[in-house]
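Everything below concerns the one structure shown next.
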Amino acid sequence: MSQVLSRMAGDDAVFGHFGAAAGYALAARRAMHEYNTGPDTWKHIAVGQRKWANLNPRAVMYDRPMTESDYERSPWIVEPFRLADNCLVTDGGRAFILTTAERARDLPHPVVTIMGLGMHNPAADPVAARHLTGPTGARRAGEQAFHMAGITLEDVDACEIYDCFTYTVEITLQDYGFFGPGEGEEWFRGGTIEPGGRTPVNTSGGLLSEAYQMGLTPLTEGVMQLMGRCGDHQLGPATGNIKPEIILCSDNGGILQTHSCCILRRN
Amino acid sequence: MTLKDKYAIVGIGYTPQGTVSDRTTLDFHLEACADAIADVGLKREDIDGLVCYRYFPPAPGEGDVTPYLVAQHLGLEPAYLAQDAN
């Protein structure tokens, strides 16, 4: 997979098409052609997640607020992506401890169980793939996880979505069924994912504004939120949200070529 | 049989993050794991398995980081070792 993300082959490099940013930009550009999406949708994601990061001292962007006009002035990296659409590049590490639910009851923190799991890997090379504008692997992985958990989208209190790029958040939530293709701009508008919003997303700041610890940025944030250990960015009365019981987490790899969905619950 | 609610995530390990100079890839692996173990108040011998997340090539001048190497440095003797592909 690292070869997929970094190789330069044939004429691709001549045209600037190499690396993850170009791969996801290709997907995002195609989505703009097929339905209503683009910077007017993605700015809500970049700006909304930054508001969470501004509440999280661990976040790399903790003391760097971002307005919509900051987003619009952010330099192009690979059109249609600006710098603010790209995740951070971060030194650091992250780990978690997994055990049985039974053993967890004897350990110090509130018990957070894995309620649902799903995985689906549409592994076609991006230049030959038809899934880059959805449904991505998120569709079937999400269906599996919700089936196992025995819940619906309405039961989800917050989402921690793998956000290598802003578009990744849109297509993942779209494929999970939060909104239809092209409806994202309206869904995100008005602070939906921000502190106090009706569906908080990436409450640490995410890969865009907290730190790039791969899929462990979203997964560990979901656990910490359910344990109630998130300080100023803890979902609850202080942020204008309900105290969460169920959090939906995602991870994906390659250029939308692998996907895993994990539903966590506070017991 | 379902795996629903059978397993729990019980602790998290963090390290300094951002632009952090003079640290190696292995260094971050060790601190994150040690911090996670301490977060739950476990002992070395409680750890039965070690799964390293996505594999990336090592930074220039560094050796490969494998789960076995991480376990060796932490003094762990897990029965199960695994490395996720990227």
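Below, the figures for the structure above:
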item: Test for A:ARG229: is it of a type outside the set (S, T, N, Q) and part of a loop (DSSP other than H, G, I, E, B); result: yes
item: Residues (part of a helix (DSSP H, G or I) and either of a type outside the set (Val, Ile, Thr) or closer than 16 Å to A:TYR212 by Cβ (or both)) located in region A:46-64; result: A:ALA46, A:GLY48, A:GLN49, A:ARG50, A:LYS51, A:TRP52, A:ALA53
item: Criterion: surrounded by 14 or more Cβ atoms within 10 Å (Cβ to Cβ), more than 7 Å from chain A (Cβ to nearest Cβ) and in a strand (DSSP E or B) - qualifying residue of B:LEU50, B:LEU69, B:LEU30, B:LEU26; result: B:LEU50
item: Per-region count, region A:114-149, residues of a type in the set (A, V, I, L, M, F, W, C), within 14 Å of chain B (Cβ to nearest Cβ) and over 30 Å from A:GLN234 (Cα atoms); result: 1
item: Qualifying residue in region A:147-166 (condition: assigned to a helix (DSSP H, G or I), among the aliphatic types (A, V, I, L, M) and under 15 Å from the mean Cα position of the chain (by Cα)); result: no
item: Restricting region A:209-262 to residues that are within 10 Å of chain B (Cβ to nearest Cβ) and more than 26 Å from B:TYR55 (Cβ to Cβ), the residue that is surrounded by the most Cβ atoms within 10 Å (Cβ to Cβ); result: A:LEU226
item: Every residue from region A:32-45 that is assigned to a helix (DSSP H, G or I) and either surrounded by 24 or more Cβ atoms within 10 Å (Cβ to Cβ) or in contact with a Gly (Cβ under 6 Å, 6 or more places away or on another chain) (or both); result: A:MET32, A:THR41, A:TRP42, A:LYS43, A:HIS44, A:ILE45
item: Considering residues of region A:187-211 that are free of Cβ contacts under 8 Å to residues at least 60 places away in the same chain and within 10 Å of A:HIS44 (Cβ to Cβ) only, the residue farthest from the chain's Cα centre (by Cα); result: A:GLY190
item: Flag if A:THR152 is farther than 27 Å from A:VAL89 by Cα, hydroxyl-bearing (Ser, Thr, Tyr) and away from every other protein chain (no Cβ under 14 Å); result: yes
item: Qualifying residue in region A:150-157 (condition: modelled with pLDDT under 95 and surrounded by fewer than 15 Cβ atoms within 10 Å (Cβ to Cβ)); result: no
item: One residue from A:ALA53, A:ALA84 being closer than 22 Å to A:LEU207 by Cα and either among the hydroxyl-bearing types (Ser, Thr, Tyr) or more than 14 Å from every other protein chain (Cβ to nearest Cβ) (or both); result: A:ALA84
item: Scan of region B:72-86 for residues that are under 16 Å from B:ASP46 (Cα atoms) and in a strand (DSSP E or B), ordered by number; result: B:TYR80, B:LEU81
item: Single residue of region B:1-22 satisfying the filter (touching a helix residue (DSSP H, G or I) at 6+ places or on another chain (Cβ under 9 Å), among the aliphatic types (A, V, I, L, M) and assigned to a loop (DSSP other than H, G, I, E, B)) that is farthest from the other protein chains (Cβ to nearest Cβ); result: B:LEU3
item: Conditions (1) surrounded by fewer than 20 Cβ atoms within 10 Å (Cβ to Cβ); (2) without any contact (Cβ under 8 Å) to a residue 40 or more places away in the chain; (3) assigned to a helix (DSSP H, G or I); number of the one not met by A:TYR71; result: (1)
item: Single residue of B:THR2, B:THR19 found to be more than 27 Å from A:ARG266 (Cα to Cα) and of a type outside the set (A, V, I, L, M, F, W, C); result: B:THR19
item: Residue check, B:ALA82 in contact (Cβ under 8 Å) with a residue 12 or more places away in the chain and surrounded by fewer than 14 Cβ atoms within 10 Å (Cβ to Cβ); result: yes
item: Single unsatisfied condition, B:ASP39 versus (1) within 20 Å of A:GLU210 (Cβ to Cβ); (2) more than 7 Å from chain A (Cβ to nearest Cβ); (3) modelled with pLDDT under 95; result: (3)
item: Sole exception among (1) closer than 21 Å to A:VAL60 by Cβ; (2) surrounded by 15 or more Cβ atoms within 10 Å (Cβ to Cβ); (3) of a type outside the set (A, V, I, L, M, F, W, C) for B:TYR55, by number; result: (1)
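The values are calculated or read from the model by the stated rules, or taken from the named source; none is laboratory data. Just so we're clear, the structure is a prediction, and the values are computed from it rather than from any experiment. A quick note on method: Cβ atoms are made from the backbone with ideal geometry, for glycine too, and the neighbour counts reach across all protein chains shown.
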